[in-house]
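Colleague: I am attaching a structure below and will ask some questions about it afterwards.
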């Protein structure tokens, strides 16, 4: 029975179990703490694990994943910490730098600012999914050729954003590229080389 | 054998480019280790005082929490007893804070606890549950309020010849009696390095006395030394790995509390622990460019000869470390002023310690000096370039020594042509482009061509490839690429045959990557290691073929599969035979500078020319063109070197126009907490930046002729922009950054 | 971040009921502001109702106007042919905000519900009546260079950060909301609030009310429009001051005008008196300057934001100039 018929709750039934047991935890909290710490910790652990995680289906770089994740896990942390796709970078965690840029259903987004569970059924492309095997994507080639990076940390985000910038039709001029790449900060300051790389790809007319 | 292309100077693609564009380059928070746990720091919410209690119960009970460590329960860190006793010791010596050792709060957000859990989410949540009580004391976080308490650094008190000591040539403060004089106060606010990679460390005790750190550091050996000392371990037991460093700009020149926290945490939970700072924490505990007040007075003759300069500065430091930088160095040596006085002071505030930020003190000082040059030129109704030429000096007026090399005039010429300096009008506000006022400005930069000793190893493998190693790091300039080019030319083989490994403390020793010194120092080591390898191969081959035994050192040629002689290509020894006994041939050498540094004044020089547009109504400033020219000695890689120059210029744009970390002094907390409040340049702020190198070797620095690029790329950019804003508007802004509110 | 329960809404009513009956529940759409605030512990909902799958993303013609679904993405709206044809000012304002990535996530409804970027609101340890009523306003005597010059109270001097909302208030938009008591329409100018004594309330939405759409009536403002945003860098920054300007010109005579400012008040700040002053006047610098003076009547600065008293009118003049020349 669901009290909210127009909502889907991805949580499984263990949530209700948790709610029941949490009253046990409350009661235990009244007992002197050293007595219950160990017991509570163990119980907490099991209950919380069941409560915390919800199922999630994602396609990442062409691979389907059936996962169980905490709702509070961001897409970025899921990629980096659980799927070990560390090419996507954490530069600020607040949508203020662009290092975490990935494509969700083909659109560039900041993966740090959305919860992974919100992307159930969607298709994610990260920097690791851009090249075709050993063959670099033209944008990756252009970044190497034009030295569009220094330390390399913002680079995956820059490249994912650059590919989207061209696809969106926002690479028409230097000025337009600069504006539409402004969501990706490069503290090393390789900006003009990045712009050159994007223009090269755009003018080369390769499919991006 | 094919003649090898000369690699030094060529615009070779980076050797690690492929790894960087595919996301395969691993930074310090990206190592998968079994049982990895996550640590999150809890910071003090007061600025000064004492912790009276910490309630960690709720955090300890939260799901997945492995430990909550505070000064109440932290294990004893053996090195705390001896570390940090002397505040004048170099900042890279760790432990001044002695994390979790006592109840003392020295700055806001000082870590008071570290929470370790099995997932990042759980650690982050539990960290919020830690509650502390404090006994607050009155704090000081405002430099302007504390100028009266400014003091001479201890290093200068101990040593009157210290570069931090008061300096005088000719008469003291002679500008005051000059007929034509200017005087101004200049302020650089606190700026924060903010590399894109958040400071991260993964600490792993592989055995109770063996520690491995995957760490964001500019010096694997400095970090190893600091934490070996902190834990009372032999240095050989500590391994520091920094294969890729996601930018640093100086903030990884020091060992910081979060590193100590991760190591303590890993010890307590007996698992590898990863700790990545938040962007807020990047403001408070990993250094910054200190707020600096400066006063500069200058006098000149009517025909534009400087007669005297007095330059004073008060920089910010913390209460527990004396941070000093060379704010006044450029003033002492750049122009031929017969009378010159400098005074450097510090004011200690209740804020975490500063650390050198790109171009460090020199960039701060150059803002005052190069602005003043522009002000004096304006007063004299002289072109600022002409004014600088009239005060050009062919010897170092500070040390009375010849320059090792100085091609600054050539830089002036290159830059002035490229920016179109002849378009500049003497009278400010003369040029318009619609609603935009257009102006031109220039600024000069200089930085010592520092060189230290360095080791490198070279090993020939049976397949004809060469492996080179050095403990140096690459925070972005392309060290591995430059070294590969040097090795390729020295060995006479293709760069593809060379692998240059760096960023590991087990590799042959080299200094920290900082102060524009890496190529100057490591380059010669690589060169000499390659020469030594060739000689060793010649020796080995001599045992098999007498032609080699009698051959000259540089006659040896490395072919695809065999060693031969340039003078006698018939003489050949296959590598397989050569290395049969040894398996591989390897050498490790040390390259040290000679005493040239005592005979010559060795500096890199740069000049930056800016064209800016200032909106007549909104006061917005756009840098529409920037030309940076450098006399940096030999350029090893035209492409990466130019990129480094462009990057430094972008940093200068940030400094000039937007970067400003602000503290609310009532609380001692930053109100700029993230990259939305603290602005750094974005794509739209960066124009096309033209770079030109004089590219003349300075063989006094090293046999390669390099002088260093990293700092001069930034030094002088901010004043060039400020001077251009003056030329556009007639408004002189002496307090950076030049935001619209200062121009409307 | 605290744990929370996550549910996906399949029908609006279910979502509304879930949030209406649970004060600890919040809707989540793009998440660009809410996730940020949750990470920092500034908002701590116990339940999130994901509304992204509700059919509220359409942009369509409706009753001599445009209807923007509340879930239409900022980038979609900015690039939409109907929007560009009928309401180009809106497209300009949207493109002046955030970054391309954020505009690909942020929705119309979410953009309106952005919370202030005031530094004191963003720091759990500092006083802030908006975040924690009764603790005081840290900005009042603090570093208030980004703060309000209109409509502030001694409880709060924060500003609303949205660019889109500045255009929408100028364009006489209407917000459509659904709640447990049914549907209602709110004039855009009445949607956001001034802080008064209750700065914790940003808007006049009631608990559980869901924004479903925004209606913008057709108007004559299809050509002479401009959104002037002044910020501390060339892009990807919140406004120091911004102005949305729209003119209906007959030759060089102004038949009608719309003006609103951002970065100056707790809500997007419509300048009706200044608009009136422009009607019937020639589109000249002098008219614009007079309108800007009218606009600034009643403005009051604090210690660090006095520059807005000059930058504000200058920005209005620049916006009008550019709009007239468009």
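Colleague: Assess whether residue B:656 counts as being surrounded by fewer than 24 Cβ atoms within 10 Å (Cβ to Cβ), closer than 28 Å to residue B:328 by Cβ, within 22 Å of the chain's Cα centre (by Cα) and in contact (Cβ under 8 Å) with a residue 24 or more places away in the chain.
Modeller: Criteria not met by residue B:656.
Colleague: Looking at (1) touching a residue at least 24 places away in the same chain (Cβ under 8 Å); (2) within 14 Å of another protein chain (Cβ to nearest Cβ), find the lone condition where residue B:604 falls short.
Modeller: Among (1) touching a residue at least 24 places away in the same chain (Cβ under 8 Å); (2) within 14 Å of another protein chain (Cβ to nearest Cβ), the lone unmet condition for residue B:604 is (2).
Colleague: Another question, then. If the requirement is being out of contact with any helix residue (DSSP H, G or I) (no Cβ under 8 Å at 6 or more places or on another chain) and modelled with pLDDT of 95 or more, which of these qualifies: A:124, A:185, A:198?
Modeller: A:185
Colleague: Something else: Tally up the residues in region C:133-158 that are within 14 Å of chain B (Cβ to nearest Cβ) and in contact (Cβ under 8 Å) with a residue 12 or more places away in the chain, please.
Modeller: 14
Colleague: Counting just the residues of region B:566-621 that are assigned to a loop (DSSP other than H, G, I, E, B) and within 30 Å of the chain's Cα centre (by Cα), which one comes out surrounded by the fewest Cβ atoms within 10 Å (Cβ to Cβ)?
Modeller: Checking each candidate, the answer is B:595.
Colleague: Turning to a different aspect of this structure: Please state which one of B:663, B:712 is closer than 30 Å to residue B:486 by Cα, touching a strand residue (DSSP E or B) at 6+ places or on another chain (Cβ under 6 Å), away from chain A (no Cβ under 14 Å) and modelled with pLDDT of 95 or more.
Modeller: B:712
Colleague: Right, something else. Does region B:463-479 contain any residue that is under 30 Å from the mean Cα position of the chain (by Cα), part of a helix (DSSP H, G or I) and under 17 Å from residue B:14 (Cα atoms)?
Modeller: The answer is yes; a qualifying residue exists.
Colleague: Could you say which residue among A:70, A:52, A:42 is within 13 Å of chain B (Cβ to nearest Cβ) and modelled with pLDDT of 95 or more?
Modeller: A:70
Colleague: Then there is this: Are any residues in region B:12-23 surrounded by fewer than 23 Cβ atoms within 10 Å (Cβ to Cβ), facing chain A (nearest Cβ under 7 Å) and either over 24 Å from residue B:488 (Cα atoms) or in contact with a strand residue (DSSP E or B) (Cβ under 8 Å, 6 or more places away or on another chain) (or both), and if so, which ones?
Modeller: Across region B:12-23, the qualifying residue is only B:22.
Colleague: For region C:21-50, which residues satisfy the criterion of being in a loop (DSSP other than H, G, I, E, B), under 18 Å from residue A:114 (Cβ atoms) and at the interface with chain A (Cβ under 10 Å from one of its Cβ atoms)?
Modeller: Of everything in region C:21-50, those that are in a loop (DSSP other than H, G, I, E, B), under 18 Å from residue A:114 (Cβ atoms) and at the interface with chain A (Cβ under 10 Å from one of its Cβ atoms) turn out to be C:29, C:30, C:31, C:32, C:33, C:40.
Colleague: Taking region B:28-86 as the search range and keeping residues that are part of a loop (DSSP other than H, G, I, E, B), within 11 Å of another protein chain (Cβ to nearest Cβ) and more than 35 Å from the chain's Cα centre (by Cα), which one is nearest to residue B:224 (Cα to Cα)?
Modeller: Out of the qualifying residues, it is B:64.
Colleague: In this structure, does residue B:683 turn out to be at the interface with chain C (Cβ under 10 Å from one of its Cβ atoms) and without any contact (Cβ under 8 Å) to a residue 24 or more places away in the chain? Quick ask: steps written out before the conclusion?
Modeller: On the way: at the interface with chain C (Cβ under 10 Å from one of its Cβ atoms): yes; without any contact (Cβ under 8 Å) to a residue 24 or more places away in the chain: yes.
Yes, satisfied.
Colleague: Let me ask you something else. Of everything in region B:291-316 that's buried (at least 24 other Cβ atoms within 10 Å of the Cβ) and out of contact with any helix residue (DSSP H, G or I) (no Cβ under 8 Å at 6 or more places or on another chain), which residue is nearest to residue A:90 (Cα to Cα)?
Modeller: Among residues in region B:291-316 that are buried (at least 24 other Cβ atoms within 10 Å of the Cβ) and out of contact with any helix residue (DSSP H, G or I) (no Cβ under 8 Å at 6 or more places or on another chain), the one nearest to residue A:90 (Cα to Cα) is B:291.
Colleague: Where the second residue is surrounded by fewer than 24 Cβ atoms within 10 Å (Cβ to Cβ) and part of a loop (DSSP other than H, G, I, E, B) and the first is more than 9 Å from chain B (Cβ to nearest Cβ) and at positive phi and lies in region C:116-127, which pairs have Cβ atoms under 7 Å and are six or more apart or on separate chains?
Modeller: So the pair list comes out empty.
Colleague: Right, something else. Can you name the number of the only condition in (1) outside any loop (DSSP other than H, G, I, E, B); (2) crowded, with 20+ Cβ neighbours inside 10 Å that residue B:417 fails?
Modeller: Residue B:417 satisfies every listed condition except (2).
Colleague: From the set of residues in region C:222-234 that are in a loop (DSSP other than H, G, I, E, B) and in contact (Cβ under 8 Å) with a residue 12 or more places away in the chain, which is nearest to the other protein chains (Cβ to nearest Cβ)?
Modeller: Filtering first and then ranking leaves C:223.
Colleague: Quick check on region C:237-255: of everything there that is more than 14 Å from residue C:117 (Cα to Cα) and assigned to a loop (DSSP other than H, G, I, E, B), which residue is nearest to the other protein chains (Cβ to nearest Cβ)?
Modeller: C:252
Colleague: Let me ask you something else. Which numbered condition trips up residue A:111, out of (1) more than 25 Å from residue A:77 (Cα to Cα); (2) more than 8 Å from every other protein chain (Cβ to nearest Cβ)?
Modeller: Going through (1) more than 25 Å from residue A:77 (Cα to Cα); (2) more than 8 Å from every other protein chain (Cβ to nearest Cβ) one by one, residue A:111 breaks only (1).
Colleague: Tell me which residues, restricted to region A:73-89, are in contact (Cβ under 8 Å) with a residue 60 or more places away in the chain and part of a helix (DSSP H, G or I).
Modeller: Selection gives nothing.
Colleague: In the list B:230, B:191, which residue meets the criterion of being crowded, with 24+ Cβ neighbours inside 10 Å, at pLDDT below 95 and in contact with a helix residue (DSSP H, G or I) (Cβ under 7 Å, 6 or more places away or on another chain)?
Modeller: Step by step, each of B:230, B:191 is checked, and only B:230 is crowded, with 24+ Cβ neighbours inside 10 Å, at pLDDT below 95 and in contact with a helix residue (DSSP H, G or I) (Cβ under 7 Å, 6 or more places away or on another chain).
Colleague: In addition: Considering each residue of region B:482-492, count those that are surrounded by 24 or more Cβ atoms within 10 Å (Cβ to Cβ) and either under 21 Å from the mean Cα position of the chain (by Cα) or not in a helix (DSSP H, G or I) (or both), and give that number.
Modeller: Result for region B:482-492: 2.
Colleague: Residue by residue through region A:142-171, note down the ones that are more than 14 Å from chain C (Cβ to nearest Cβ), surrounded by fewer than 23 Cβ atoms within 10 Å (Cβ to Cβ) and either within 24 Å of residue C:76 (Cβ to Cβ) or touching a residue at least 12 places away in the same chain (Cβ under 8 Å) (or both).
Modeller: The answer is A:145, A:146.
Colleague: So, one more: Has region C:263-278 got any residue that is in contact with a helix residue (DSSP H, G or I) (Cβ under 6 Å, 6 or more places away or on another chain), within 14 Å of another protein chain (Cβ to nearest Cβ), part of a strand (DSSP E or B) and within 18 Å of residue C:189 (Cβ to Cβ)?
Modeller: No.
Colleague: Further, regarding this structure: I need every pair where a residue in region B:270-281 that is closer than 17 Å to residue B:217 by Cβ and more than 9 Å from chain A (Cβ to nearest Cβ) has its Cβ under 7 Å from the Cβ of a residue that is modelled with pLDDT under 95 and surrounded by fewer than 21 Cβ atoms within 10 Å (Cβ to Cβ), sequence separation at least 6 or different chains.
Modeller: none
Colleague: Right, something else. When you scan region B:183-199, how many residues do you find that are away from every other protein chain (no Cβ under 14 Å) and at positive phi?
Modeller: 0
The values are calculated or read from the model by the stated rules, or taken from the named source; none is laboratory data. As the structure is a computational prediction, the values presented were derived from the model and not from experiment. FYI the Cβ positions are ideal-geometry reconstructions off the backbone, even for glycines, and counts take in every protein chain you see.
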